[in-house]
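Contents: one structure, followed by commentary.
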Ligand code: SF4
């Protein structure tokens, strides 16, 4: 029996804002991308995943998140662009913003940098529509993300940023369901070294252990329990 309800989902057919039949989708990670990729796929819109996240620290964490996203692209037959891991530029760009809180000015800089590269790639490769998976997370400020996306796309007259609210119509809940179904890696901090530092400080202030990177996967417990139940002989 399927533990998850995705098989019953009736997805609305998405219409792109500028009539484009393809999109270059910036992706931050597999869990955030899962439902958005499936929604776009189900609507018959061609998509390419653009993985440009030089903010993710350290490199091993970056590789895990990237490979998880690529694994899902391969499963759906969706092209995956593995962009630069130019961390020097990222650190240079956020210099002076190291102690900004999450959702603050450093995050605006971080989104700007990632979306500017996405928009440039779109411009150079004939895409007229971009968006990002970042907005689906309830930890993020969607308005901040959309502002950065629109600003980046405005550099090129032919490129638009799709400010679609991916959380609505059950998107946020399906994001978790898909993450569990696919057993995606479950990161416990946003991505940069400063978010790792601040999340650890927050946890320790509440008597919790520091983050253990690379060990947590969505749905692993449920699936483990399910397997045990299925392995158990009938009484
Ligand atoms: S907290 Fe997240 S969005 Fe903000 S700067 Fe760090 S990685 Fe970027």
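The values are calculated or read from the model by the stated rules, or taken from the named source; none is laboratory data. Fair warning: this is a prediction, and the values are worked out from it, not measured in the lab. All Cβ positions, even for glycine, are placed from backbone atoms using ideal geometry, and neighbour counts span all protein chains on display.
Tell me which residues, restricted to segment 139-152, are crowded, with 19+ Cβ neighbours inside 10 Å and assigned to a helix (DSSP H, G or I).
145, 146, 148, 149, 152 - these are the residues of segment 139-152 that are crowded, with 19+ Cβ neighbours inside 10 Å and assigned to a helix (DSSP H, G or I).
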Based on what the data block shows, is residue 165 surrounded by fewer than 17 Cβ atoms within 10 Å (Cβ to Cβ), in contact with a helix residue (DSSP H, G or I) (Cβ under 9 Å, 6 or more places away or on another chain), at pLDDT below 95 and assigned to a loop (DSSP other than H, G, I, E, B)? yes
Given (1) surrounded by fewer than 19 Cβ atoms within 10 Å (Cβ to Cβ); (2) away from the ligand (no atom under 11 Å from the Cβ); (3) farther than 30 Å from residue 182 by Cα, identify the lone condition not met by residue 77. (3)
Residue by residue through segment 13-66, note down the ones that are out of contact with any helix residue (DSSP H, G or I) (no Cβ under 8 Å at 6 or more places or on another chain) and under 20 Å from residue 177 (Cβ atoms). 40, 42, 43
If you check residue 105 against the conditions, is it near the ligand (Cβ under 10 Å from one of its atoms), more than 25 Å from residue 186 (Cβ to Cβ) and at pLDDT 95 or above? yes
